[in-house]
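One structure is given below, encoded as structure tokens.
The values are calculated or read from the model by the stated rules, or taken from the named source; none is laboratory data. These numbers come from a predicted model, not from an experiment. With ideal geometry, Cβ positions are generated from the backbone for all residues, glycine too; neighbour counts draw on all protein chains shown.
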Ligand SMILES: Nc1ncnc2c1ncn2[C@@H]1O[C@H](COP(=O)(O)OP(=O)(O)OP(=O)(O)O)[C@@H](O)[C@H]1O
């Protein structure tokens, strides 16, 4: 499916040293979707995001982004401690020239679950509350693109789930870019993913596609049937590259690709009346796909 792009960069480079910074980034951010930006520490995520938000100047290359409509929310926003939650949100709207009355402010705080804390000073808020207050302060500005840098960092599991659910609820309202090194989170809430490794963009596309690259083409099969016979049958198949018995009731098998194995294994077993007890593959998640991309670049 073709998407309209709200932000594009061409040859974007900001170098702090020979291998430090970001280099030759051609990024296209689809409008109205949630893009995850992932990469190891020091990969250049913050550098890239702050350039997209207009907070840091690009070195070389071009950035096309809606002027004044891209907002960056840091991982733990820092507000003057004596301001109440409602005052933080009002000030935020004021700073970008948005008119926000009491009703808008209350709505923004309600969205992030802070309605009850509207009149409390934020200095005593927990980390999770401050992160949610940062989101309310961003939402009231009605950004076209909302950039969240590690929005769930340092939160306990329930806090993380709450923030991720909140981000999911914003889908369709604005375009969202989420920087994270927690791939499970990205897999859960993002439509697309961009992977940065040592300042270079090594992948961008739908999350489903990157996970697909990590689909296994090797499995452990467990069956109730005679294992040696199964190894013989598998070895005779043109799509099987290797099959061997590894335990009493277990076969290790490699196929030319994921599809061949996923379709071929159940079919072969069914043809020969052998029950399939389990089929466990490798590389079943985004983490594995990401690691394989990272390793490929290292090589
Ligand atoms: N102003 C600067 N001057 C010099 N080097 C910098 C500057 N800003 C960032 N760097 C370096 O550029 C590289 C990329 O940093 P950046 O903070 O963008 O990475 P990151 O992917 O956000 O990392 P992390 O996940 O650890 O936050 C790092 O090696 C960092 O030390």
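Return a yes/no flag: does segment 29-49 have any residue that is more than 12 Å from the ligand (Cβ to nearest atom) and over 26 Å from residue 189 (Cβ atoms).
Checked against the condition, which is being more than 12 Å from the ligand (Cβ to nearest atom) and over 26 Å from residue 189 (Cβ atoms), segment 29-49 yields no hits at all.
So which residues in segment 158-193 are away from the ligand (no atom under 16 Å from the Cβ), crowded, with 19+ Cβ neighbours inside 10 Å and over 20 Å from residue 128 (Cα atoms)?
174, 175, 187, 190, 192
Of (1) surrounded by fewer than 20 Cβ atoms within 10 Å (Cβ to Cβ); (2) not in a helix (DSSP H, G or I), residue 152 satisfies all except one. Which?
Against the list (1) surrounded by fewer than 20 Cβ atoms within 10 Å (Cβ to Cβ); (2) not in a helix (DSSP H, G or I), residue 152 comes up short only on (1).
Looking at residue 71, is it under 22 Å from residue 149 (Cβ atoms), in contact (Cβ under 8 Å) with a residue 60 or more places away in the chain and buried (at least 20 other Cβ atoms within 10 Å of the Cβ)?
Yes: the conditions hold for residue 71.
Which residues, taken from segment 50-74, are near the ligand (Cβ under 9 Å from one of its atoms) and in contact with a helix residue (DSSP H, G or I) (Cβ under 8 Å, 6 or more places away or on another chain)?
The answer is 56, and nothing else.
Sort through 12, 37, 49, 27 and tell me the only one that's closer than 28 Å to residue 97 by Cα and crowded, with 16+ Cβ neighbours inside 10 Å.
The unique qualifying residue is 49.
Kindly check whether there is at least one residue in segment 121-131 that is farther than 22 Å from residue 178 by Cα, in contact (Cβ under 8 Å) with a residue 12 or more places away in the chain, surrounded by fewer than 19 Cβ atoms within 10 Å (Cβ to Cβ) and touching a helix residue (DSSP H, G or I) at 6+ places or on another chain (Cβ under 7 Å).
no
Listed here are the residues, each with its yes/no results for (1) surrounded by fewer than 19 Cβ atoms within 10 Å (Cβ to Cβ); (2) in contact with a helix residue (DSSP H, G or I) (Cβ under 9 Å, 6 or more places away or on another chain).
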| position | (1), (2) |
| --- | --- |
| 199 | no, yes |
| 242 | yes, yes |
| 265 | no, yes |
| 273 | yes, no |
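Being touching a helix residue (DSSP H, G or I) at 6+ places or on another chain (Cβ under 7 Å), more than 16 Å from the ligand (Cβ to nearest atom) and touching a residue at least 40 places away in the same chain (Cβ under 8 Å) is true for just one of 154, 113. Which residue is that?
113
Which residues, counting only those in segment 201-226, are more than 17 Å from the chain's Cα centre (by Cα) and either at pLDDT 80 or above or over 30 Å from residue 248 (Cβ atoms) (or both)?
If the condition is that a residue be more than 17 Å from the chain's Cα centre (by Cα) and either at pLDDT 80 or above or over 30 Å from residue 248 (Cβ atoms) (or both), then 217, 218, 219, 220, 221, 222, 223, 224, 226 are the ones that fit.
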